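Beneath this line is the structure, given in structure tokens, with notes to follow.
The values are calculated or read from the model by the stated rules, or taken from the named source; none is laboratory data. In this text the structure is predicted, and so the values were computed from the model without any measurement. Cβ: placed from backbone, ideal geometry, glycine included. Neighbour counts: every protein chain shown.
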Amino acid sequence: MLKDLQRLKQHWGGVSDIVDRWLEERRELLVKYCDLIEVHDFDSANRAHGDKLQSFCEVMVDYVSVGHFEVYEQLAKEAKAFSDSEGLKTGADLVEKIQPSTEAVLDFNDKYLETDDLDTLAADLSVIGEALELRFESEDKMIEVLHNGHLEQLQKASSASA
């Protein structure tokens, strides 16, 4: 039983590492977003503006991809391992809430990969900022429901076996 507990801690501790790295990527995304919104007059001839925009898009798409293809999947696996059907339902509902922001991110990325016209960038950054804010709220709830609740279960099991 103790070996099973240690194995679970190692495995779900790995999920904590994945979540921690992902949240660090979120921090990087927010830094790049703030760098862009500080520019008031975008100029497609200004190489720095284009570089900042490209870097932001790359980090944003990477962040969204890791969320969908790594983090959400690991959180769902954890909930299944703990037979947390209520958490899985909540997680699925949250993924549905997140989906519109995924589409907004991909549309934003596609638009600015295909154009040097930065006339609407300030307005588009405002829209994407709002979409990201809603996304982060749902992701934080997902982490709380599908991961942090199970950490408490692990701690209780650890205390009981000690």
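Just the residues that are aliphatic (A, V, I, L, M) and at pLDDT 95 or above, please, taken from the range 14-29. Give the derivation first.
Going residue by residue through the range 14-29, those that are aliphatic (A, V, I, L, M) are 15, 18-19, 23, 29.
Residue satisfying the conditions is LEU29 alone.
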All but one of (1) more than 21 Å from GLU70 (Cβ to Cβ); (2) modelled with pLDDT under 90; (3) out of contact with any Ser or Thr (no Cβ under 7 Å at 6 or more places or on another chain) hold for HIS11; state the number of the condition that does not hold. (1)
Cβ-Cβ below 6 Å, separation at least six or inter-chain, first residue in the range 98-124 and closer than 16 Å to ASN46 by Cβ, second not in a helix (DSSP H, G or I): which pairs? ASP116/SER44; LEU118/PHE42; LEU118/SER44; LEU121/PHE42
Hey, GLU58 at pLDDT 95 or above, loosely packed, with under 14 Cβ neighbours inside 10 Å and under 14 Å from PHE136 (Cα atoms) or not: no
Is it the case that some residue within the range 47-66 is among the acidic types (Asp, Glu), in contact with an Asp or Glu (Cβ under 9 Å, 6 or more places away or on another chain) and free of Cβ contacts under 8 Å to residues at least 40 places away in the same chain? yes
In the range 38-53, what residues are exposed (fewer than 13 other Cβ atoms within 10 Å of the Cβ) and assigned to a helix (DSSP H, G or I)? ARG47, ALA48, ASP51
Taking the range 74-96 on its own, how many of its residues are closer than 10 Å to LEU146 by Cβ, of a type in the set (A, V, I, L, M, F, W, C) and assigned to a helix (DSSP H, G or I)? 5
Of (1) assigned to a loop (DSSP other than H, G, I, E, B); (2) among the β-branched types (Val, Ile, Thr); (3) under 23 Å from ASP140 (Cβ atoms), VAL71 satisfies every one except (1)
Subset of the range 103-132 (residues that are surrounded by fewer than 14 Cβ atoms within 10 Å (Cβ to Cβ) and either of a type in the set (Gly, Ala, Ser) or modelled with pLDDT under 95 (or both)): LEU113, GLU114, THR115, ASP116, ASP117, ASP119, THR120, ALA123, SER126
